[in-house]
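Notes follow once the structure below has been shown.
The values are calculated or read from the model by the stated rules, or taken from the named source; none is laboratory data. Small disclaimer: the values here were computed from a predicted structure and weren't measured. Neighbour counts run over all protein chains shown; Cβ positions are idealised from the backbone, glycine included. All accessible areas refer to the heavy atoms of the entire protein, side chains included, with ligands and DNA or RNA removed. Shrake-Rupley method; radii C 1.70, N 1.55, O 1.52, S 1.80 Å.
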Amino acid sequence: MKILALDKVLESATPEGIKGNFMKEVNQMVKLYLADVVREIYFRQDRSGTVLVMEAATLEDARNMIDTLPLVKAKMIDFDLIPLGPFMPLALLLDDEQEEAPAAGSANCH
């Protein structure tokens, strides 16, 4: 499952606390990236903050992985997790009367 994670700075955050945990945060983020959990990392352009694109079996698994981040553990930031899926309205473009495409590997070549 693809998950969009949007950070939010909590009231308990201080510049000193964030700076003191920053390298630990980067270290853990790299571990999640190398584990193929965090697929993409972005810095927001509208405000200070991070956006992650994650891959996890469930939303709970994604939450458990986010909870390993030092700034989350220190209760300075948290993330809103948004599960993503296929854009189903595209199905409206399909012609239901056409034959379904053959399964992979079963194409008949004559």
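Specify the angular offset, from 0 to 90 degrees and rounded to the nearest 10, of the alpha carbon long axis of helix 15-34 from the longest principal axis of the alpha carbons in the chain.
30 degrees
May I ask you to list the aspartates and glutamates whose Cα is less than 18 Å away from that of residue 19, ignoring any residue fewer than eight positions away on the same chain?
Output for residue 19: 7, 11, 78.
In Å², what does the accessible area per residue of the chain work out to with a 1.4 Å probe?
Computed with neighbouring chains in place, this is 75 Å² per residue.
What stretch of the chain, leaving out the sites themselves, is the longest with no GluC sites (Glu not before Pro) in a DSSP loop having at most 14 other Cβ atoms within 10 Å?
Answer - 12-96.
Can you pull out the trypsin sites (Lys or Arg not before Pro) in the stretch 1-59 whose DSSP state is coil and whose Cβ has at most 16 other Cβ atoms within 10 Å?
44, 47
What is the local net charge at residue 11, summed over the other residues whose Cβ is closer than 13 Å to its Cβ (Lys, Arg +1; Asp, Glu -1)?
The answer is +1.
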